[in-house]
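Written out below as structure tokens is the structure these notes cover.
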Amino acid sequence: MGRILSFTIYHSPNAYLGSVLLARAAADRPDVVVERRPIFVPRRRGVLVTEMLGGRENRNLGSYNREDCARWAARYEIPFAHPPPGVFAERARYWPLAEFDREELPARAYYAAAAATGRQAALDAALFEAAWVAGLDVNEPDTILWAAERAGLDGGELLAGLREEAVGSEARAALRGFLRASCPGVPTFVVAGRRYFGKDRVDWAIDDAGTRP
């Protein structure tokens, strides 16, 4: 049975769309297992995943990405509402003051749910919904509570559990795996060391995983 490691963050429209498409494709492939690996961005490395990897995103690419993601969402009938321009920058002003690094809170919530309840898939979907349908900031504890309720989890227990050292270790291990695999961004799907970057590479990753014993 083939395995796909799916590296993402929640506040990435490409990661959201790619994760939905991957889940749909994998549902029809019992020979393929998807292992989600939400990561975070250490604040010492900047705010964006591109900054963490030593690059930067230009303004034209950013505006194109908004258009392109809207087209993909419409084409594949995925609920999608991009926050208005400026919202990301406004939120980023407060992230350096937060308890956790950017995206670490939702990543920890995912791994805490996996350890305690086994309902991480429902929480995963709810966190993406929070970011790209409800327009919430996944770096806020209130958003974790919102997503927990959607996923049928106890939000208070989840917030307490995500502070466990073992959960933090899971989040850090996912980030190390992302960097060790030389992932170029999110979403990146890794199959036996082979990288597939972007929402347009879902079918390639599925087909590759399907050939693995």
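Provide the FRET efficiency to the nearest 0.05 for the residue 89-residue 172 pair, computing r from the beta carbons and using R0 = 30 Å. Intermediate values should be presented prior to the final figure.
On the way: r = 27 Å, r/R0 = 0.91.
It comes out at approximately 0.65.
Report relative contact order for the chain in percent, whole number only (criteria: Cα-Cα under 8 Å, sequence separation at least 6). List each step's numbers first, then the result.
On the way: 317 pairs, mean separation 73.4, N = 213.
Relative contact order of the chain: 34 percent.
Just tell me the longest site-free run in the chain, where the sites are GluC sites (Glu not before Pro) in a DSSP loop having at most 10 other beta-carbon atoms within 10 Å.
On the way: sites that count: 77, 99.
My reading of the result: 100-213 is the longest stretch.
Where does the chain land at 222 nm, in deg cm²/dmol rounded to the nearest 500, when only DSSP H runs of n ≥ 4 count, each adding -39500 (n - 2.57), divided by all residues?
Working: 10 runs with 110 residues, N = 213.
Calculated at 222 nm, the ellipticity per residue is -15500 deg cm²/dmol.
Going by the alpha-carbon gyration tensor, a ≥ b ≥ c the square roots of its eigenvalues, is the range 2-210 rounded (a/c under 1.5) or, if a/c is not under 1.5, prolate (a/b greater than b/c) versus oblate? Can you show the working numbers first?
Values: a/c = 1.28, a/b = 1.07, b/c = 1.19.
Since a/c stays below 1.5, the shape of the range 2-210 is classed as rounded.
Sorting 102, 163 on the 10 Å Cβ count, fewest up front, what's the list?
On the way: 102 26, 163 13.
Ascending Cβ contact count within 10 Å gives the list 163, 102.
Test of understanding: what is the full-extension gain from residue 142 to residue 29, defined as 0.36 nm times their sequence separation minus their Cα-Cα distance?
Going from the current span to full extension adds 37.1 nm.
Which parts of the range 184-210 would a label at residue 45 reach, counting a residue when its backbone N lies under 13 Å from a point 7 Å out along Cα-to-Cβ?
Residues 184-186 qualify, since their backbone N sits under 13 Å from the label point.
Tabulate in residue order the Karplus-calculated ³J(HN,Hα) for the range 12-29, using 6.51 cos²θ - 1.76 cosθ + 1.60 with θ = phi - 60°, rounded to whole Hz; enter x for Gly and Pro.
9, x, 5, 5, 4, 4, x, 5, 5, 5, 5, 4, 5, 5, 5, 4, 9, 10
In whole angstrom, note down how far apart the Cα centers of the range 96-147 and the range 34-63 are.
If you average the Cα positions of each part, the centres end up 17 Å apart.
Quote the charge dipole size of the chain about the Cα centre in Debye, to the nearest 20; the model charges only the Cβ of Lys and Arg (+1) and of Asp and Glu (-1). Spell out each step's value before the answer.
On the way: 28 positive and 28 negative charges, 158 e Å.
Dipole magnitude for the chain comes out near 760 debye.
Bear in mind that the values in this text are calculations on the coordinates, not laboratory data. Source: prediction; values computed, not measured. Here the Cβ is made from the backbone with ideal geometry for all residues, glycine too, and neighbour counts use every protein chain on show.
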